[in-house]
Amino acid sequence: MPENTTPATTRIVPTTCADNCGGNCLLRVHVQDGVIRRIETDDGPEPQLRACARGRAYRQRVYSPDRLKYPMRRSGPRGEGRFERISWEEALDTVATELRRVLDTYGPEAILGVAQSGSMTSLYGSATTRRFLNLLGGQTVLAGDRSGGAAEAAGYYTYGEPFYTGNSREDLLNSRLILLWGWDPAVNISGTNTSWVLTQAREAGIRILCLDPRYTDSAAAWADQWIPLYPGTDVALMAAMAYVILTEGRQDQRFLDTYTRGFDRFREYILGQSDGMPKTPGWAQEITGVPAETTVALAREYATTRPAALMTGLGPQKTACGEQFMRAGMTLAAMTGNIGIPGGSAAGYCVTRPPAIGGLAAPPNPTGRYVPHMKWPAAILEGRAGGYPSDLKLAYITHSGLMVTQQNTGKGAQALCTLEFVVVHEQFMTPTARFADILLPVTTCFERNDLRRPSFEGSSLFFLNQAIEPLYQARSDLEIFTDLAHRLGFAEQYAPKTEEEWLKEFVEHSRVPDLDRFQEEGIARRVRPEPVVAFREQIADPLRHPFPTPSGKIEIYSERLAALGQPDAPPIPQYVEAWEGRSDPLAQRYPLQLLAPVSKKRVHSSFDNTPWLRELEPHQVWINPLDAQERGIQPGDWVKVFNDRGVIRIQAKVTERIMPGVVCVEGGTWYDPDPDGVDRAGCANVLTKDEVTPMPLLPEGPLPVPSIGSGSTYHNSLVEVEKNDNDRRFG
Ligand SMILES: Nc1nc2c(c(=O)[nH]1)N[C@H]1C(S)=C(S)[C@@H](COP(=O)(O)OP(=O)(O)OC[C@H]3O[C@@H](n4cnc5c(=O)[nH]c(N)nc54)[C@H](O)[C@@H]3O)O[C@H]1N2
Ligand SMILES: Nc1nc2c(c(=O)[nH]1)N[C@H]1C(S)=C(S)[C@@H](COP(=O)(O)OP(=O)(O)OC[C@H]3O[C@@H](n4cnc5c(=O)[nH]c(N)nc54)[C@H](O)[C@@H]3O)O[C@H]1N2
Ligand SMILES: [Mo]
């Protein structure tokens, strides 16, 4: 047979990944004799939805030697990872018995439900778990959004719209200036074709600036200028931009008068009338590290080049007071009249409403109890006595890289060890799976049929066609919960339909005209009308289309925030000094600010066990040559990165691509503590604090837990780095 031809027995199955990577691409899976032989991607009409390295490496993930093959029971201390094989019967009987025991003894609120982002699909995602536990009687759930929690709060108070503040990505080509502000879409996929659009923008000569403590891949690929600034200080720079714009009279006063409320209060703050401190570029220089003349030039360019797209990434809002970054960005967009117009950007989450499609529903949680995401270890360890809503006894964990992706990993490990019972559904022996008492093997998205809509930006829907039979003894979460519901007496309620019936119903809730064709092609392109410009109606016709805020306007000053009376969530956007920022006294012991962004090798913790992806680049801590020199660190040296929360061992990447005073460890490597608790995998979240951003998303409701916030704070830790001479190799 000549090379490069497809054997006649090969089926090409169109599908997509289920992972939470921020994109959705077309995969063409070649299957021969029931085995995936290779994976290609879109070669159809433009714009194609072409897969990245992760999608193309998926075959190695599906057939990974550490796929879980059968149900297992823990046979050593919890967390150590020793297990013995048991039957499905025994596994399910044990889980059902434990659930019943905990329900009868403590009530449903003693069950911590952790169902996260492993499968972002209609049928086999985390709703399988929420539906099961809520029908069973309830749970205590994790609340808040790790991705864009602070952006959502900012959008909610400012525009009355938490999520959909973005224009379609293609609309960037209508801009004359694009600011990539803490946004690295070359790596953190934010809609499949964002990179393609930015490449075209660059070719069209549109100016692109990058504001990031790191010289990111995006900066390298597209930017005309890189402006480094210290993490968590963006609002100081934005305030100084506002100062320049105001004192030079460059603001769009008509826009402000027509569409916004409370700008005067912001002006008073900027000019220093309210606090005696004008927010000059010189003032900001001290805080941000950005030279005053750079700020002046940046402000002038942003105010005079129209339309301009201020693209606020999610990175800077994953900091102590992340909401202020988003609220200040929205205010700059209003000052320059860039909201609701093609080529502009309203800042905020910067995503568009995806095309509609149905999905598995979960009834409301009967207990009404929840814990802010990052507070889960404290909620377990402290319980009611610590002000949390329940005393937790059992954790039910699915679709989750909990022990890698949540903040303060060591505290999480400690917390899991105190519970009475832990169940995990997983595909692999992950750091989270190791903590299970009963560990159940689940299928991958290639082993079942499902549907998906874009999670960040995009207008196409996907049909995930089953490519292969379930491997080993793996079952889907839906099948597992159905069997448990049988044992617990509510199977008819839990699973009244077959897979085929569910999917048919979900597609009926979409605009896809032809189900058969959809399934055959695996994709329905451009289901949503294009292009989208957020708030177009509100700006074009403000009388008929008020903003959904109390005043009907863009609320630069928010009465709702004023009523909260929280200094860290003030009624106008303000620079609020961060805990574990550069001026925190803790910086004397831990002088370096840690960034912990996503990696091109992984989707959060997923794919860390995929050798092809590991080959892309080594896992290293980025450190500036000045900081390295002070510590006697050479490129490639093994170092320790540490603070009071933990220690990781990792190799140093000495590079001017990161500013002095800041280091970077990408998140997602599989936590692997040695007997002394030193993490050999270089898991960034060993170092991050289990703290959330402060602005409550739903102030109307009673807040049953202390410090309920909405966002994560992955980029907000102080650390020190030390050379690790004695131990240059992993143990
Ligand atoms: N340091 C750092 N940490 C971060 C971030 C960061 O930027 N930096 N980002 C955070 C953000 S924004 C997010 S959204 C989170 C995401 O964090 P998680 O929601 O924890 O996502 P993953 O790490 O992808 O882990 C998903 C797990 O689900 C498993 N899985 C896949 N499919 C299925 C299935 O069908 N059933 C079951 N039961 N399991 C399945 C996978 O094998 C994998 O182990 O990470 C957060 N963590
Ligand atoms: N390859 C890949 N892509 C993904 C994902 C993935 O796991 N892998 N996950 C997806 C998901 S669920 C999400 S939520 C998004 C996450 O998307 P983001 O949250 O936007 O991603 P990050 O990589 O955490 O941060 C983006 C940039 O912000 C910078 N940054 C951090 N702190 C600051 C700051 O204080 N100021 C400034 N100016 N810059 C700062 C970082 O250096 C980084 O370059 O990515 C999505 N895309
Ligand atoms: Mo996310």
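Taking a ≥ b ≥ c as the square roots of the eigenvalues of the alpha-carbon gyration tensor, segment 340-389 is classed oblate because a/c is 1.5 or more while a/b is no larger than b/c.
Annotation for segment 1-75 versus segment 591-630: alpha-carbon center distance of 25 Å. Would you please classify the overall shape of segment 388-441 from the alpha carbon gyration tensor, given that a ≥ b ≥ c denote the square roots of the eigenvalues, rounded means a/c under 1.5, and beyond that prolate means a/b larger than b/c while oblate covers the rest? Note, shape of segment 388-441 comes out oblate. Computed with a 1.4 Å probe over protein heavy atoms only, the accessible surface of the chain comes to 37 Å² per residue.
Go through K640/K689; K553/K600; K318/K497 and tell me which ones have a Cα-Cα distance over 28 Å in this structure.
The pairs that break the limit, which is 28 Å between Cα atoms, are K553/K600; K318/K497.
Evaluating 6.51 cos²θ - 1.76 cosθ + 1.60 at θ = phi - 60° for every residue in segment 371-381, the Karplus couplings come out as 10, x, 2, 6, 8, 4, x, 5, 4, 6, 6 Hz, glycine and proline recorded as x.
Taking a sphere under 12 Å around the Cβ of N449 and counting the other residues whose Cβ falls inside, with K and R at +1 and D and E at -1, yields a net charge of -2. Overall shape: rounded for the chain, with the ratio a/c of the largest to smallest alpha carbon gyration tensor axis below 1.5. Counting only whole DSSP H helices of the chain, the ones at least 24 Å long by C-alpha along their axis and with mean Kyte-Doolittle hydropathy no lower than -0.5 are 88-106.
Got a number for carbon plus sulfur as a percent of segment 472-615's accessible area, 1.4 Å probe? Of the solvent-accessible surface of segment 472-615, carbon and sulfur hold 49 percent. Using θ = phi - 60° in the Karplus curve 6.51 cos²θ - 1.76 cosθ + 1.60, the 3J(HN,Hα) couplings for segment 214-226 round to 10, 7, 6, 4, 5, 4, 5, 7, 10, 7, 7, 8, 10 Hz; x is entered for Gly and Pro. Atom-type composition of the exposed protein surface of segment 100-219 places 47 percent of the accessible area on carbon and sulfur (1.4 angstrom probe). Close amide-amide hydrogen proximity is noted between I658 and Y215, each under 5 Å apart and 5 or more residues distant or on a separate chain (H modeled in the peptide plane; Pro and chain starts excluded).
Roughly speaking, to the nearest percent, how much of segment 405-453's 1.4 Å accessible area is carbon and sulfur?
The value for segment 405-453 is 45 percent carbon and sulfur by accessible area.
Each residue of segment 343-360 was assigned a 3J(HN,Hα) from its phi angle through the Karplus curve 6.51 cos²θ - 1.76 cosθ + 1.60 (θ = phi - 60°); the sequence is x, x, 6, 7, 6, x, 4, 6, 10, 10, 5, x, x, 6, 7, x, x, 4 Hz, with glycine and proline shown as x. With the whole protein complex present, Y269 retains an accessible surface near 10 Å², based on a 1.4 Å probe.
Taking every DSSP helix (H) stretch of at least 4 residues in the chain, weighting each as -39,500 (n - 2.57) and dividing the sum by the residue count yields a mean residue ellipticity at 222 nm of -7500 deg cm²/dmol. Could you please state, rounded to a whole Å, how far the C-alpha centre of segment 277-355 is from the C-alpha centre of segment 525-546? Value for the Cα centre distance between the two parts: 22 Å. Put the Cα centre of segment 431-449 next to the Cα centre of segment 202-266 and the gap is 44 Å.
The values are calculated or read from the model by the stated rules, or taken from the named source; none is laboratory data. Everything quoted here is computed from the prediction, not taken from an experiment. Note: ideal-geometry Cβ built from the backbone for every residue, glycine included; neighbour counts use all protein chains shown. Just the protein is used for accessible areas: all its heavy atoms, side chains included, with ligands, DNA and RNA removed. Shrake-Rupley method; radii C 1.70, N 1.55, O 1.52, S 1.80 Å.
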